[in-house]
1. List the residue pairs whose Cβ atoms are under 7 Å apart, where the first residue sits in region 70-97 and is under 25 Å from S53 (Cα atoms), the second is part of a loop (DSSP other than H, G, I, E, B), and the two are 6 or more positions apart or on different chains.
2. Would you please name the residue that is farthest from R96 (Cα to Cα), looking only at residues in region 122-162 that are surrounded by 12 or more Cβ atoms within 10 Å (Cβ to Cβ) and among the aromatic types (F, W, Y)?
3. Is it true that K109 is within 26 Å of the chain's Cα centre (by Cα) and basic (K, R)?
4. Assuming G64 fulfils every condition listed in (1) touching a residue at least 40 places away in the same chain (Cβ under 8 Å); (2) in the same structural domain as R15 (by TED's automatic domain parsing) apart from one, which condition is it?
5. Could you check region 78-100 and list, in sequence order, the residues that are of a type in the set (V, I, T) and within 17 Å of the chain's Cα centre (by Cα)?
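The values are calculated or read from the model by the stated rules, or taken from the named source; none is laboratory data. Quick caveat, the model's predicted, so the values are computed rather than measured. Neighbour counts are summed over all protein chains in view; Cβ atoms, including those assigned to glycine, are modelled from backbone coordinates with ideal geometry.
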Amino acid sequence: MKKLLNTVYVNNPDRYLSLDGENVVISQDGEEVGRVPLHNIDRIMTFGHAGASPALMGKCAQNGIELVFMSRNGRFIARVEGEVKGNVLLRRQQYRYSDNKAQALDIAKNMISAKLFNSRWVLERMIRDHGERIDTDLFSRKSEFLKSSVNQARRREWIETS
């Protein structure tokens, strides 16, 4: 089965999340208003003062499902997250690269060039697909600017650090 990395959003601050078997139960005033199987989700985002049972938090951590608490305005409050998996050797090498200015410059040039290149092709696609509804001259000028920016990024010989 392919996992689709779905996110459940709980926008109502009066909702409470709990665990029933392998399901997230969403309730309000003690009455169930929704149910979602855990195996279908990757993340649960709550906004406002929604609460969650310790059993659900533990199950989410165990299954690698993020449980994120945000304020009503979307400001981060807390996150319950299970064991973090990663490649320690890869992280160590990345830190070594960041300490070597020449290697860091090469990586930065490649990343920035790729982002500019992709942005340019978004504009080119816009011109091709929607030319009759947009100012194609403006988009063409912006595309040419991005093209020259890619070349400038590739020729860069130093990194500004703060």
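1. Final answer for the pair search is R72/P13; R72/G48; I77/S71; G82/G64.
2. Step by step, filter region 122-162, then rank; the result is F139.
3. yes
4. (1)
5. Matches in region 78-100: V80, V84.
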